[in-house]
Amino acid sequence: MPEAARYRKVDLHSHSNRSDGRFSPLELVDLAVEQGVTLFSLTDHDTLDGLAEARERAFEHGLSFINGVELSTQWNGIPLHMVALNFSADDSALLSIVEANQRIRLDRAQRIAELLVKQGLPNLFDEAVTLAGESQLGRPHFAALLVEKGFVKDTNKAFDRYLGNKKLGQLRDVWPELEEVLARLAGQGMELVLAHPKRYPLTVTKLKRLLSDFKKWGGTGIEIASGNERPDSVRLLERLSIEFDLKASVGSDYHGPFGPWMQLGKFTQIQESKVNLVWQSWD
Ligand code: AMP
Ligand code: MN
Ligand code: MN
Ligand code: MN
């Protein structure tokens, strides 16, 4: 049994209300403990805001906590998410990327609001900003407003009709280039993990091209299990993690007790003995 198996239940991808999750960082850590998670990372979209308090709460519980963040980037015009793990929360390169992405989020929200107006909806920008408050503004805030105002019946429909990857989510040239983000973060000891690789509009051939670039530019890992990924996808990603020499990471991508999200600590089972695990070298 690999030494890393001492972490019985690992979850290295989750969201709090500092981005688009339901619970506060403290509530999330409490929930992780309740669910029996033993190694945990908070990975909010484009912010490090919740890390200090989550870390402190995790320490009180004796839960091993890893600093994390889910960065928005793009590759060949396709929006891609990268989870950075195990960094210092005052890392200046990371902070400057996060700050730039926060400005982009505001500009992008303006564009989204204008495009929704063109589709006959009211301008939701101000309300989206208010709804997001201190947290990172994103498409889920627009989705919530569309549901609340009765334009769609649920969040899923809001993404299907207006906000999803085939609609406004496909706005091109919004995010920083993956190559540039990796160049600024690689080689400093943090793990740079491609998030949920099966959720992008990519064929396996294109995904392999992405993984080849990702590795070449300094990426170190790949999420082989993310939430309720199909088992055959997980098997494929296990093989790709070996083929491209990228360490395997796992996470629920938990956002709250709504929508399609798995419970904290839950994701499709992986074959630990087959892959190198990102957490293998952490103490
Ligand atoms: P953004 O960060 O603004 O690009 O928004 C992306 C977020 O929207 C993802 O992290 C998910 O939390 C959420 N999301 C994407 N697709 C869906 C969907 N079909 N249903 C519910 N939430 C979704
Ligand atoms: Mn999200
Ligand atoms: Mn994501
Ligand atoms: Mn996520």
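Taking segment 242-262 as the range and being surrounded by 14 or more Cβ atoms within 10 Å (Cβ to Cβ) and either in contact with a Cys (Cβ under 6 Å, 6 or more places away or on another chain) or modelled with pLDDT under 95 (or both) as the test, the residues that pass are Trp261, Met262. Ser226 fulfils the conditions (1) outside the structural domain of Lys9 (by TED's automatic domain parsing); (2) in contact with a Phe, Trp or Tyr (Cβ under 8 Å, 6 or more places away or on another chain) except for a single criterion, (1). The set of residues in segment 6-41 being hydrophobic (A, V, I, L, M, F, W, C) and under 11 Å from Leu264 (Cα atoms) consists of Val10, Leu12, Leu28, Val29, Leu31, Ala32, Val33, Val37, Phe40.
Residues satisfying the criterion are absent from segment 202-215 (criterion: open to solvent by 80 Å² or more (accessible area, probe 1.4 Å) and within 16 Å of ligand 2 (Cβ to nearest atom)).
Could you please let me know if Leu80 is of a type outside the set (Lys, Arg), in contact with a strand residue (DSSP E or B) (Cβ under 7 Å, 6 or more places away or on another chain) and free of Cβ contacts under 8 Å to residues at least 60 places away in the same chain? Explain how you work it out, then say what you get.
Numbers: of a type outside the set (Lys, Arg): yes; in contact with a strand residue (DSSP E or B) (Cβ under 7 Å, 6 or more places away or on another chain): yes; free of Cβ contacts under 8 Å to residues at least 60 places away in the same chain: no.
It is false that Leu80 is of a type outside the set (Lys, Arg), in contact with a strand residue (DSSP E or B) (Cβ under 7 Å, 6 or more places away or on another chain) and free of Cβ contacts under 8 Å to residues at least 60 places away in the same chain.
Of the set (1) more than 11 Å from ligand 1 (Cβ to nearest atom); (2) over 22 Å from Ser16 (Cβ atoms), all apply to Lys166 but (1). Here Glu180 clears all of (1) within 16 Å of ligand 4 (Cβ to nearest atom); (2) open to solvent by 80 Å² or more (accessible area, probe 1.4 Å) except the condition numbered (1). Set side by side, the residues Arg18, Arg22 differ, and just one is within 16 Å of ligand 1 (Cβ to nearest atom), surrounded by fewer than 18 Cβ atoms within 10 Å (Cβ to Cβ) and touching a residue at least 24 places away in the same chain (Cβ under 8 Å), which is Arg22. A single member of Arg230, Arg239 is without any contact (Cβ under 8 Å) to a residue 24 or more places away in the chain and open to solvent by 80 Å² or more (accessible area, probe 1.4 Å), and it is Arg239. Tell me, please, whether a residue that is buried (at least 22 other Cβ atoms within 10 Å of the Cβ), among the aromatic types (Phe, Trp, Tyr) and not assigned by TED's automatic domain parsing to the domain that holds Arg161 can be found in segment 48-60. No, every residue in segment 48-60 fails to be buried (at least 22 other Cβ atoms within 10 Å of the Cβ), among the aromatic types (Phe, Trp, Tyr) and not assigned by TED's automatic domain parsing to the domain that holds Arg161. Between Ala113, Ala128, Ala158, Ala109, the distinction of being more than 19 Å from the chain's Cα centre (by Cα), open to solvent by less than 50 Å² (accessible area, probe 1.4 Å) and within 16 Å of Asp46 (Cβ to Cβ) belongs to Ala128 only.
Just a yes or no: is a residue in segment 50-68 within 16 Å of ligand 4 (Cβ to nearest atom) and either charged (D, E, K, R) or modelled with pLDDT under 95 (or both)? No. Restricting attention to segment 61-76, the residues that are small (Gly, Ala, Ser) and either open to solvent by less than 10 Å² (accessible area, probe 1.4 Å) or touching a Pro at 6+ places or on another chain (Cβ under 7 Å) (or both) add up to 2.
Could you look through segment 194-231, keep only residues that are charged (D, E, K, R) and part of a loop (DSSP other than H, G, I, E, B), and pick out the one that is farthest from Glu177 (Cα to Cα)? Outline the logic, then answer.
Of all residues in segment 194-231, those charged (D, E, K, R) come to 198-199, 206, 208-209, 213, 215-216, 223, 229-230.
Narrowing the set further to residues that are part of a loop (DSSP other than H, G, I, E, B) leaves 229-230.
Working: Glu229: 26, Arg230: 29 Å.
Result: Arg230.
Go through segment 239-273 residue by residue and tally those that are away from ligand 1 (no atom under 16 Å from the Cβ), outside any loop (DSSP other than H, G, I, E, B) and not hydroxyl-bearing (Ser, Thr, Tyr). Going through segment 239-273 one residue at a time, the tally reaches 8. The single residue among Leu146, Leu192, Leu121 that is in contact with a strand residue (DSSP E or B) (Cβ under 7 Å, 6 or more places away or on another chain), away from ligand 1 (no atom under 11 Å from the Cβ) and touching a residue at least 24 places away in the same chain (Cβ under 8 Å) turns out to be Leu192.
For residues in segment 155-193 being part of a helix (DSSP H, G or I) and of a type in the set (S, T, N, Q), which is nearest to Asp107 (Cα to Cα)? Spell out how you get there, then give the answer.
From segment 155-193, those part of a helix (DSSP H, G or I) are 155-163, 168-170, 178-185; that's our starting set.
Still in the list and also of a type in the set (S, T, N, Q): 155-156, 170.
Details: Thr155: 22, Asn156: 24, Gln170: 15 Å.
Only one residue tops the list, namely Gln170.
The values are calculated or read from the model by the stated rules, or taken from the named source; none is laboratory data. Note that the coordinates shown come from a computational prediction; the quantities given were computed from them, not determined experimentally. Glycine gets a Cβ as well: all are built from the backbone with ideal geometry, and neighbour counts include every protein chain shown. These accessible areas exclude ligands, DNA and RNA; they are computed on the full protein's heavy atoms, side chains included. Shrake-Rupley method; radii C 1.70, N 1.55, O 1.52, S 1.80 Å.
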